[in-house]
Amino acid sequence: MKFLTFIPESRRGGLGSRMNPCRPFVAAPRPHPERRAAFTMIEITLCLGIIGFALVAIIGVLPTGLNVQKSNREETIVDQDAGVWMNAIRSGAQGFDDLTNYVISITTSNLSTHAFLTLSPGNGLTNGSQIVGLLSAPSYTLNGGSLQTNSVVALVRALSGSAVEKAPQDNSTILDSAFSYRMIAEVVSYVPFNTAPTNFSDYPPGSSAWLTASNGMRVANSLLANLHDVRLTFRWPLLPNGETGSGRQTFRAATGGQLALVDTNQSLYFFQHSIYK
């Protein structure tokens, strides 16, 4: 009986084995490490330079954008407040007592005698009728035949804007930092045409020219008494030292009716649209 014996290739001296003298042993190649792409230091430096220029441009434009946004907000508040004040003056409002929560002070002065009076809540300023009456005072009045020039200036905390600044807020820190402005009120009789033809004394009495000039005088007197130009000039913002910033805007409106002196002690004037002279 014959037995077969299996001999491994490595021991039989097969091809590629250590026992084969005809072919040297060659080691299996080692795997190469995986190659990955990356930026060089020069490329990184250039990128940082470009980003730096972009950041400098953005930082330079940012303050301008913030200032424009701030200016737009302040102009919007002034536009809204001007409508409230103009309607209150033209309508002769006498029950707007909420104004005492926003008016810091009102100064009335006679530029002819250099006399002035400053009123504020808790110091003579008690209700909304008083505020509207002072702001409605005519800019020019006759006193004993002499013309007097009057000025009315109010320091006001914004009626519109952030809700945290509105009544019943009584925190002095918040109120002092709230947006405020200076408002100059002017009420002037409206005369829209040349008054030279109204001098009827230059013509013979009863002549056509005399009658024309006499009628022109009557029209002029009626306009002087019954039609007024209301002008409100706003300067903002109100700074802690009492000065104002660069914001400035003027609003004008014509109103009809008699401007009557209702309270002689406090010089309070109100428009009465149902009464004409």
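The values are calculated or read from the model by the stated rules, or taken from the named source; none is laboratory data. These numbers were taken from a predicted model, which means no experiment stands behind them. So basically every Cβ, Gly included, is an ideal-geometry build from the backbone, and we count neighbours across all protein chains shown.
Considering only the range 213-248, state which residues are part of a strand (DSSP E or B) and either more than 35 Å from the chain's Cα centre (by Cα) or polar (S, T, N, Q) (or both).
Of the residues in the range 213-248, the ones part of a strand (DSSP E or B) are 227-238, 244-248.
Passing the criteria: THR233, THR244, SER246.
Please indicate, with yes or no, whether at least one residue in the range 212-220 is at pLDDT below 85 and among the basic types (Lys, Arg). Full working, then the answer.
Filtering the range 212-220 for residues at pLDDT below 85 gives 212-220.
Next, only the ones that are among the basic types (Lys, Arg) stay: 218.
For the range 212-220, residues at pLDDT below 85 and among the basic types (Lys, Arg): present.
Among the candidates ALA253, ALA260, single out the residue that is part of a strand (DSSP E or B), among the aliphatic types (A, V, I, L, M) and under 24 Å from the mean Cα position of the chain (by Cα).
Testing whether each residue is part of a strand (DSSP E or B), among the aliphatic types (A, V, I, L, M) and under 24 Å from the mean Cα position of the chain (by Cα) leaves just ALA253.
So which residues in the range 112-133 are over 25 Å from the mean Cα position of the chain (by Cα) and assigned to a helix (DSSP H, G or I)?
Keep residues of the range 112-133 that are over 25 Å from the mean Cα position of the chain (by Cα), which gives 112-119, 122-127, 129-130, 133.
Hits for the range 112-133 are SER129, GLN130, GLY133.
Which condition number does ILE50 fail, the rest of (1) in a helix (DSSP H, G or I); (2) touching a strand residue (DSSP E or B) at 6+ places or on another chain (Cβ under 9 Å) being met?
The one condition ILE50 does not meet is (2).
Restricting the range 135-191 to residues that are in a strand (DSSP E or B) and among the aromatic types (Phe, Trp, Tyr), which is surrounded by the fewest Cβ atoms within 10 Å (Cβ to Cβ)?
To start, the set of residues in the range 135-191 that are in a strand (DSSP E or B) comprises 140-143, 146-157, 180-189.
After this cut, where a residue has to be among the aromatic types (Phe, Trp, Tyr) as well, the list is 140, 181.
Working: TYR140: 12, TYR181: 23.
Filtering the range 135-191 for residues that are in a strand (DSSP E or B) and among the aromatic types (Phe, Trp, Tyr), the one surrounded by the fewest Cβ atoms within 10 Å (Cβ to Cβ) comes out as TYR140.
Of everything in the range 61-107, what is hydroxyl-bearing (Ser, Thr, Tyr) and within 21 Å of ASN150 (Cβ to Cβ)? Give them in sequence order. Even if it seems obvious, please write down each step before you answer.
At the first step, the residues of the range 61-107 found to be hydroxyl-bearing (Ser, Thr, Tyr) are 64, 71, 76, 91, 100, 102, 105, 107.
SER105, THR107 - these are the residues of the range 61-107 that are hydroxyl-bearing (Ser, Thr, Tyr) and within 21 Å of ASN150 (Cβ to Cβ).
Counting just the residues of the range 102-111 that are in contact with a Leu (Cβ under 6 Å, 6 or more places away or on another chain) and not in a loop (DSSP other than H, G, I, E, B), which one comes out surrounded by the most Cβ atoms within 10 Å (Cβ to Cβ)?
We begin by selecting, within the range 102-111, every residue in contact with a Leu (Cβ under 6 Å, 6 or more places away or on another chain); these are 102, 104-106, 108.
Going one step further and asking which of them are not in a loop (DSSP other than H, G, I, E, B), we end up with 104-106, 108.
Values: ILE104: 15, SER105: 15, ILE106: 22, THR108: 20.
Among them, the one singled out is ILE106.
State which residue is farthest from the chain's Cα centre (by Cα) when the search covers only the range 182-211 and only residues that are modelled with pLDDT under 75 and of a type in the set (A, V, I, L, M, F, W, C).
The qualifying residue farthest from the chain's Cα centre (by Cα) is PHE200.
If you go through the range 192-212 one residue at a time, do you hit one that is closer than 25 Å to ILE131 by Cα and either acidic (Asp, Glu) or outside any strand (DSSP E or B) (or both)? Show your work before the answer.
First pass over the range 192-212, keeping only residues closer than 25 Å to ILE131 by Cα: none.
No: zero hits.
Pairs only if they're at least six apart or on different chains, beta carbon under 6 angstrom, first in the range 144-166 and without any contact (Cβ under 8 Å) to a residue 24 or more places away in the chain, second surrounded by 15 or more Cβ atoms within 10 Å (Cβ to Cβ) and assigned to a loop (DSSP other than H, G, I, E, B); list them, first residue then second.
Once the first residue is without any contact (Cβ under 8 Å) to a residue 24 or more places away in the chain and sits in the range 144-166, its partners that are surrounded by 15 or more Cβ atoms within 10 Å (Cβ to Cβ) and assigned to a loop (DSSP other than H, G, I, E, B) give GLU165/ALA178.
In the list PRO121, PRO138, which residue meets the criterion of being under 30 Å from LEU223 (Cα atoms), out of contact with any Phe, Trp or Tyr (no Cβ under 6 Å at 6 or more places or on another chain) and not polar (S, T, N, Q)? Show your work before the answer.
Values: PRO121 fails: under 30 Å from LEU223 (Cα atoms).
From the options PRO121, PRO138, the qualifying one is PRO138.
Take the residues in the range 94-118 that are of a type in the set (A, V, I, L, M, F, W, C) and in contact with a Ser or Thr (Cβ under 8 Å, 6 or more places away or on another chain), then tell me which one is farthest from THR250 (Cα to Cα). First the steps, then the outcome.
Within the range 94-118, the first condition is being of a type in the set (A, V, I, L, M, F, W, C), and the residues that meet it are 96, 99, 103-104, 106, 111, 115-117.
From the residues that got through so far, the ones that are in contact with a Ser or Thr (Cβ under 8 Å, 6 or more places away or on another chain) too are 96, 103-104, 106, 111, 115-117.
Values: PHE96: 23, VAL103: 19, ILE104: 20, ILE106: 18, LEU111: 21, ALA115: 26, PHE116: 24, LEU117: 24 Å.
Across the range 94-118, the extreme among qualifying residues is ALA115.
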